[in-house]
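Here the structure is laid out as structure tokens; the discussion comes afterwards.
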Amino acid sequence: MRYRNIIIIFSVVFIIILLRHFGATGWADRKIRFLFNLGSSAVYNISVSYNGGASRFNSVDDLKKGYVELLDKYNKNVVDQTELALLKEENAGLRELMGFLERNDLSFLGAEVISKSSDALRNTIVINRGSKDGVAMNMPVITGGGFYIGKIRKVELNSSVVQLINDQYSKIAATVLNNNKSIGVVEGGFGLSLQMNFIPQNEDILVGNDVITSGLEAEIPYGLILGRVDIVEKEPYQPFQKAILSPYIDLNKIRTVSVLLSS
Amino acid sequence: MKVLLKILKMIIVMSLLFLFHFFIVFFLPKPINTINIFFIFFILFIIGWEKSVIVWLAWLVFYVFELYAVTPLGFIIVPGVLSVIVVYLLYINVFTNRSWFTGAALSAIAILINRLAYLALVYTLNYSSGISKIVLRNFFTDLFWEITLTSAATGLLFFLLSKKINRFGRDKVQMIF
């Protein structure tokens, strides 16, 4: 291979990059994505079914332990559901009394995950909805009815790329569901866990507290679940404390998501 | 007509490669899913056919991956094409023998150049603010497994192919000027 050929190859690479930057290769990109999405979505769906959404147990004892934990959670959930229903009723009554308007202007768009990240340093997934379905940049993405998993970072005509919450560039304003309603910033880039930083030192965070989105960001509404506090790191003489969170959802086994179109 | 058939054959091969890649990444457990089927194909093609058209095929493969990356344009395609050009030149000018360890070494070098060039782009163009130590540690762990498993697979495949297919036989050497 002569040096001239190497120069030609790199010139072609840079010309294509420039053309893509100005959108000139859009028609070819759409055709390639269509074919790529067909293959990846089929294999991805089969792999999620095969690998299963449930946890695997190494022994009968583990299975029994998992069952007992689940039963406890279910019983607690029943009690919480009852209290929640009563609180909702009371809240609705109070709102009516005070003349507040109902805020329920969220609309969702269902989407399927068709591929995972192709980048070694990033945690992203590809969904089969794009600009023609009304998807736009920075729209929040949830799963399971209310678990926040990321936001839209790249939009094409028929597909979009979602940056997951455990991606190194993901930063979300969050609130801990404790007595103080502590606020902080949940960041990704720590493997499977999330880290919540800038929590005021004088506020009490307990292991097991849930963390939700704070609604302080323009596109992300209040109340979407991020995860649960696993570890609290509190050092004396530091102005802020940290918490390590684990998401409720296994971010490697997501099959369907919803994009919040408006909030 | 012959040219059209060649193009069609290459499209079918690339499609099968992509399907095989999805199977490896989505089905197999870690760390086996770090095997890079594309670099195995590139190295076997370079050794078997000794043609520079492989660089254009590599360009096509990395262009498809670029379509799904959130990194700036060129972060995937430039390191990818660079790594294939470098190993092709290495094979022609340095590794002139045809053996399983040549395949394994070229595979390791190609992946190393690809990943390190990507990391260099990230740091040089200041895209690195926010890369935590854990992400870098995971990156190098995955890189280690990718190099180890991919080069082992390349060496093994070349060894098996050299026994069955004349093209990969040890006594078939072409000098390219």
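Going by what's in this entry, would B:L73 be described as surrounded by fewer than 20 Cβ atoms within 10 Å (Cβ to Cβ) and in contact with a His (Cβ under 8 Å, 6 or more places away or on another chain)? It is true that B:L73 is surrounded by fewer than 20 Cβ atoms within 10 Å (Cβ to Cβ) and in contact with a His (Cβ under 8 Å, 6 or more places away or on another chain).
Scanning the stretch B:19-36 for residues that are buried (at least 19 other Cβ atoms within 10 Å of the Cβ) and within 18 Å of B:A153 (Cα to Cα), we see that the one that is farthest from the other protein chains (Cβ to nearest Cβ) is B:I35. Note on the stretch A:191-211: among residues that are surrounded by 19 or more Cβ atoms within 10 Å (Cβ to Cβ) and within 17 Å of the chain's Cα centre (by Cα), the one that is nearest to A:S246 (Cα to Cα) is A:L194. Would you call B:V81 crowded, with 22+ Cβ neighbours inside 10 Å and assigned to a helix (DSSP H, G or I)? Considered against the rule, which asks whether it is crowded, with 22+ Cβ neighbours inside 10 Å and assigned to a helix (DSSP H, G or I), B:V81 comes out as yes. Residue by residue through the stretch A:156-175, note down the ones that are touching a residue at least 24 places away in the same chain (Cβ under 8 Å) and assigned to a strand (DSSP E or B). A:S160, A:V161, A:V162, A:Q163, A:L164, A:I172, A:A173, A:A174, A:T175, listed by residue number. For the stretch B:107-121, does any single residue satisfy the condition of being on the phi > 0 side of the Ramachandran plot and not hydrophobic (A, V, I, L, M, F, W, C)? No; the residues of the stretch B:107-121 include none that is on the phi > 0 side of the Ramachandran plot and not hydrophobic (A, V, I, L, M, F, W, C).
Of the strands (runs of 3 or more DSSP E) lying entirely inside the stretch A:219-263, those containing at least 2 residues that are out of contact with any Ser or Thr (no Cβ under 6 Å at 6 or more places or on another chain) and either at positive phi or free of Cβ contacts under 8 Å to residues at least 40 places away in the same chain (or both) span A:225-233.
Residue pairs whose Cβ atoms lie under 9 Å apart, sitting 6 or more positions apart in sequence or on different chains, and linking a residue in the stretch A:65-82 that is part of a helix (DSSP H, G or I) to a partner that is hydrophobic (A, V, I, L, M, F, W, C), are A:K65/A:F57; A:G66/A:F57. Quick one: is A:I254 assigned by TED's automatic domain parsing to the domain that holds A:P200 and under 22 Å from A:S107 (Cα atoms)? When the stated conditions are applied, A:I254 does not pass them.
The values are calculated or read from the model by the stated rules, or taken from the named source; none is laboratory data. All figures in this text were calculated on a predicted structure; none of them were measured in a lab. As a convention, Cβ positions derive from the backbone with ideal geometry for all residues, glycine included, and neighbour counts pool all protein chains shown.
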